[in-house]
1. Which one, (i) 41, 34, 28; (ii) 42, 41, 31; (iii) 61, 32, 23, gives Cα extents along the principal axes in Å as derived from the coordinates shown?
2. Expected output is a single nm value to one decimal: the length gained when fully extending between S113 and L14, i.e. 0.36 nm times separation in residues minus the C-alpha distance. What is it?
3. Can you give me the relative contact order of segment 55-121 as a percent, contacts being Cα pairs under 8 Å and 6 or more apart?
4. Among V56, V38, V16, which one moves the most in a GNM of the chain with springs linking Cα atoms closer than 10 Å?
5. So for the chain, averaging the separation of alpha carbon pairs under 8 Å that are six or more residues apart and normalising by length, what relative contact order in percent results?
6. Let me have the 222 nm mean residue ellipticity of the chain computed from DSSP H runs of 4+ only, each contributing -39500 (n - 2.57), with the sum over all residues rounded to the nearest 500.
7. So if each residue of separation counts as 0.36 nm, and I subtract the Cα-Cα distance between E33 and L97, what length gain in nm does that give?
8. If the elastic network links every pair of Cα atoms under 10 Å, which of A23, A53, A84 fluctuates the most in the Gaussian network model of the chain?
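Only the coordinates and a few stated rules stand behind these numbers; no lab work does. Because the structure is predicted, anything quoted here is derived from the model rather than measured.
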Amino acid sequence: MGFFGKLFGKDEELPVLDAASPASVRLGKFKNELETFVGKMNDRLEFVPADDAIYVFIGKPPGMFGMAWFHDGKEHNFKTMAAAKGLSQKKLQNMSLKLGEAYAKCMEEPKFSSLIGGKKIIVHPSENLLKDVVQIIHVLE
């Protein structure tokens, strides 16, 4: 994407995710939860699929972004995690910083586009990013 594309918020042109790919199969396991989630979101969504969970960068990582993940049929995010674990705002900010750094390390790895609930999303099937995200989020469990 060129300078003006970035300036005016033009979407990245990404190849379409192969429906038979492992990432697509992983997303399919969470189809109902993801369709509901995507339907209520108006921001850029970038999915990092795992076998037993789906992690979602919301917004514009590695800078300004939120995070949600789906595991055991439930949606989780920093707010629910803070409430469940009694985490301080500083601890959450540290986690967000680490997630941004993990994303930045993998920014150049291949990404794909896909449709969920009729909306275009980005799929980032990086095993390196997945490993780092899991370690950062689940270190408290």
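1. Answer by label: (i).
2. 35.1 nm
3. For segment 55-121, the relative contact order is 23 percent.
4. Largest GNM mean-square fluctuation: V16.
5. 26 percent.
6. -12000 deg cm²/dmol
7. Length gained, E33 through L97: 20.4 nm.
8. Top of the fluctuation ranking is A84.
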